[in-house]
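Accompanying notes for the structure given below.
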Amino acid sequence: MLRGSSPEHRSARESKRRPVPRVTRARRVAVLDNLKVDVTVVLGRCRMPLHMLLRMGRGAVIELEASETDMVEILANDHPIARGQIVVTGSRISVEVTELIRKPETLRAPGTSIGEGAAPLFEPGTQAA
């Protein structure tokens, strides 16, 4: 018997030729709608000696290298996606997105994470394309 001519080989070849069902845009959007993303807002940062960190207790105050008018970083799954301004309404704190961040061309390959060098997608006061 010739190699590849057995019923098992023919069946395997035929199954490889079957068209893959097309996933519609609506289906992709529906799948994305169910994904959960951790969103973090970074108010500020500081650097301190380890011994100070180890001595901290309840009531310790950490001074940030930031002021109340500084922009905050907005991260999705630890990746920068936007910058914003803190908004206080009554006892609630929220963030107004003022600038979206897009990935540089070199970081658009699948599996590549966004990092330093991200550029604003649009400037404050302009509309996104």
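Just so you know, all these numbers are worked out from the coordinates, no wet-lab data involved. Being a predicted model, the structure only gives us computed values, none of them experimental. When we count neighbours, we look across all protein chains shown, and the Cβ atoms used for this are built from the backbone with ideal geometry, even at glycine.
Descriptive notes on the structure:
- In this simple spin-label approximation, V39 and V61 carry label points 7 Å from Cα along the Cα→Cβ vector, and these lie 3.1 nm apart.
- Gain in span if fully extended, A26 to E96, counting 0.36 nm per residue against the direct Cα distance: 22.3 nm
- Per-pair calculated FRET efficiency, R0 = 41 Å: R17 and M71 via Cβ, rounded to 0.05: 0.15
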